[in-house]
Ligand SMILES: [Zn+2]
Ligand SMILES: [Zn+2]
């Protein structure tokens, strides 16, 4: 069985110092591909150097809505240049986060749209972060997005998920599906077409039950996988095969 972690911040300061051990543990836990989400230029450089040792690590890059206060003109220039590199297979994570109010909504929207245009221009999928900002995020996607992509760590309604799928998006499920207070999410996951589903850890955040509260790593992906297999009433090998197919379809790769 092979699992793919479609959203992992393994080059962040929390995880990178122990990266070789973290990757070894991931492999032991059947995680055979990781999409490494880089949120700044330093993380992109770390990911490129990782990729020299582990070619099966994929790289995505973009400016997170909550980090924008830190992004200067030079960073934008660097991102536009680096995004063209063929090692970067997606733009993200990008989007809107109204949960934290460190960055003004207008600033978030402008950066989001700017990065959607970059993705359109380069014909690379987008990885979308949407927190407490469903309407604005969906409106902007509808108006500006011309590529496919993933709504990451999904926690919204079935209606929004289906809207996104009709916009050629995939829905990615993270650790919260394993939580006791997952609320309506299990039913949403049950209803989503299986060929539109992805799994992720979003490590170092959102560690699945029963490790909730500790630092997350790709090795914990199997806990989320098991819950989703139950919800979808699928055996492990059928589900892992389908998830691999979904990932390959989005990134036009032959895994
Ligand atoms: Zn996110
Ligand atoms: Zn993330």
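No lab work stands behind these numbers, since they all come straight from the coordinates. Remember, it's a predicted structure, so these values are computed and weren't measured experimentally. Note: ideal-geometry Cβ built from the backbone for every residue, glycine included; neighbour counts use all protein chains shown.
Starting from the Cα gyration tensor of region 168-214, take the square roots of the eigenvalues, sort them a ≥ b ≥ c, and report rounded, prolate or oblate (rounded when a/c is under 1.5, otherwise prolate if a/b is larger than b/c, else oblate). Oblate. Sorting 51, 84, 145 from the fewest to the most surrounding beta carbons within 10 angstrom yields 84, 51, 145. Both radii were evaluated on the Cα set of the chain; the Rg over Rh quotient, with Rh as the Kirkwood radius, amounts to 0.93. The three principal axes of the Cα atoms in region 142-235 give end-to-end lengths of 39, 27, 23 Å, sorted in falling order. Here region 118-152 and region 44-84 have alpha carbon centers that stand 18 Å from each other. When peptides 238-246, 127-135 are sorted by average Cβ neighbour count within 10 Å, with the highest value leading, the order is 127-135, 238-246.
Once you order the gyration tensor axes a ≥ b ≥ c over the Cα atoms, which shape class does region 29-176 get: rounded for a/c under 1.5, otherwise prolate or oblate by comparing a/b with b/c? Note, shape of region 29-176 comes out oblate. Does region 1-101 classify as rounded, prolate or oblate by the C-alpha gyration tensor (a ≥ b ≥ c root eigenvalues; a/c under 1.5 gives rounded; else a/b over b/c gives prolate, otherwise oblate)? Prolate is the answer for region 1-101, as a/c is 1.5 or above and a/b outweighs b/c.
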